[in-house]
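The values are calculated or read from the model by the stated rules, or taken from the named source; none is laboratory data. Here the structure is a predicted model, which means the values were calculated and not measured. Reconstructed Cβ throughout: ideal geometry from the backbone, glycine too, with neighbour counts over all protein chains shown.
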Amino acid sequence: MPEPNRRRFLQTSGALLAAGSVVQAQETPRAGIRAIIPPRPQPARRRIAVVTSALHYLSHSYHITQRFFEGYLRNGQPHYPDWAIAGMFVDQPNLVNDLSADFSREFGVRIYPTIAESLKLGGDRLAVDGVLLICEHGNYPTNPRGQKLYPRYEMFQQIVEVFRASGRTVPVFNDKHLSYDRRKAREMVETARTMNFPLMAGSSLPVTWRRPELDFPIGVRLDSALVAAYGDIEIYGIHALETLQCMVERRMREGQQGLRNVQCLVGDAVWRAGDAGEWSWELLEHALSRSPTRNAGDIRRNCRHFNMNARGNQDRLPKNPAAFLLEYRDGFKAAVLMINGHSADFTFAARITGERRPVSTLFNLPWAPGAAFLEAQTTKIEEFLGGRQPYPVERTLLTSSALDCLLESRVGGQARLNTPDVDVSYAPPAESGYLRGEYTTPVGG
């Protein structure tokens, strides 16, 4: 923060503290991080920049940055990240519901007009210890495949330009898929590898709580797997693919995780594929057994009725069901079903070789306004900034590429698409990394 702004911020803060000393004793509720935020016990030691598309209430940027600004609970105890947001760039600050100006005033962080300036904090060289690239939400066009053209790749390239000019790099976190374009996604990973800086990307689903706490050992033998999900076919489709991949990747100790072919089906073709054995009705039953939102009645009817007299954002969700069919290079097959109208959860089921009964779990998503699944992700971002890679970025390269191919299949007559370019090798993390225990804890618990 430039010195004049910093001085004004400190003077204002001191005046507020002095003026509020009597009021605190008489009127202010007892501080506790669930409602009233106590002051940070000590200053953060490191600085990060946030590069984002839009910052508004309940956006990804809102949920993640707020936890860096004000802390959050871990195991029932206040936790304050050791990284302070020192500069921000907001691509669309003029949206009606923008909060970036409010955040700037309240938290004393400067909003810079360019990405480069937000990383250099107004100086000549890179001046931060990490970068959060959160390009989700905002007004961007959609292409014929149904992909929202978020400029993640373009923002990443501007970050890299600062690295090159400064002769120094820092870790970069990229929220959700790397890019809607699988070629751009691969280039991002290769750039990070070539320049030797840590890159983390992906969805919150792999790290959120699971009910029950299902975990696979590395090398588990799986016969098949299925994810039941909901939402927009692209924006939520990446969540569903990440849910699938974080589980099935553990069948491989290392090496080729890539795909041989994919197919995206919509409408009644989804049910015909199930009847033909291209995905498993049995696994769907086991996945839905974990869903607290599942509808009563026949899934085909419920999906057909979805959006009739709908309210709120359901009007933007597709009425037709969709199925993602994936065949991996080793011959393993898996499926994702997007079943708006029958369930509004992310659930997983798989058949382990030699086991009589499939296993299943719910990927638990404590919902708005807290969206604690993004809190789960924030804990992993902190680990990453601290030098520990929670999971390989190649996982998100695979899911980003798979989604691009699946949407190509959908607009190409729902045909099966060979995927020689989805060639991704990595070793799954030794620890799955999802959060254990309960999100809610009693005071003092």
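Restricting attention to region 381-390, which residues are within 14 Å of the chain's Cα centre (by Cα) and either over 18 Å from Y62 (Cβ atoms) or free of Cβ contacts under 8 Å to residues at least 12 places away in the same chain (or both)? Give the steps one after another, and end with the answer.
First, pick out the residues of region 381-390 that are within 14 Å of the chain's Cα centre (by Cα): 381, 390.
Of everything in region 381-390, just one residue is within 14 Å of the chain's Cα centre (by Cα) and either over 18 Å from Y62 (Cβ atoms) or free of Cβ contacts under 8 Å to residues at least 12 places away in the same chain (or both), namely P390.
Can you confirm whether region 280-291 contains a residue that is within 23 Å of S401 (Cβ to Cβ), assigned by TED's automatic domain parsing to the domain that holds S409 and either touching a helix residue (DSSP H, G or I) at 6+ places or on another chain (Cβ under 9 Å) or crowded, with 23+ Cβ neighbours inside 10 Å (or both)? For region 280-291, residues within 23 Å of S401 (Cβ to Cβ), assigned by TED's automatic domain parsing to the domain that holds S409 and either touching a helix residue (DSSP H, G or I) at 6+ places or on another chain (Cβ under 9 Å) or crowded, with 23+ Cβ neighbours inside 10 Å (or both): absent.
For region 100-158, enumerate the residues that are among the β-branched types (V, I, T) and either crowded, with 16+ Cβ neighbours inside 10 Å or within 24 Å of the chain's Cα centre (by Cα) (or both).
So in region 100-158, the residues among the β-branched types (V, I, T) come out as 109, 111, 114-115, 128, 131, 134, 142.
Listed by number, the residues that qualify are V109, I111, I115, V128, V131, I134, T142.
Here is a check on your reading of the model: is P428 part of a loop (DSSP other than H, G, I, E, B), within 17 Å of S204 (Cβ to Cβ) and either among the polar types (S, T, N, Q) or under 22 Å from the mean Cα position of the chain (by Cα) (or both)? For P428, the condition - part of a loop (DSSP other than H, G, I, E, B), within 17 Å of S204 (Cβ to Cβ) and either among the polar types (S, T, N, Q) or under 22 Å from the mean Cα position of the chain (by Cα) (or both) - is not met.
Residues that are β-branched (V, I, T) and under 30 Å from P420 (Cβ atoms) within region 329-351 comprise just one, V336.
On the given criteria, is L95 farther than 29 Å from S166 by Cα, in the same structural domain as K176 (by TED's automatic domain parsing) and among the hydrophobic types (A, V, I, L, M, F, W, C)? Taking the combined requirement at face value, the residue satisfies it.
For region 393-431, enumerate the residues that are over 22 Å from R183 (Cα atoms) and buried (at least 22 other Cβ atoms within 10 Å of the Cβ). P428 - this is the single residue of region 393-431 that is over 22 Å from R183 (Cα atoms) and buried (at least 22 other Cβ atoms within 10 Å of the Cβ).
For region 369-384, what are the residues that are at pLDDT 95 or above, within 9 Å of S204 (Cβ to Cβ) and among the acidic types (D, E)? Result: no residue meets the conditions. Looking across region 322-366, just one residue is under 18 Å from the mean Cα position of the chain (by Cα) and acidic (D, E), and that is D345.
Residues checked against (1) within 30 Å of G123 (Cβ to Cβ); (2) in the same structural domain as E327 (by TED's automatic domain parsing); (3) out of contact with any Cys (no Cβ under 8 Å at 6 or more places or on another chain); (4) modelled with pLDDT of 95 or more:
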site	(1), (2), (3), (4)
N139	no, no, yes, yes
S166	yes, no, yes, yes
S179	yes, no, yes, yes
R182	no, no, no, yes
R193	yes, no, yes, yes
F197	yes, no, yes, yes
A225	no, yes, yes, yes
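Scanning region 249-272 for residues that are among the β-branched types (V, I, T) and buried (at least 23 other Cβ atoms within 10 Å of the Cβ) returns V262, V270. Please determine whether any residue of region 25-46 is assigned to a helix (DSSP H, G or I) and at pLDDT below 95. Yes, the conditions are met somewhere in region 25-46.
Summed over region 343-394, residues that are of a type in the set (F, W, Y) and touching an Asp or Glu at 6+ places or on another chain (Cβ under 8 Å) total 1.
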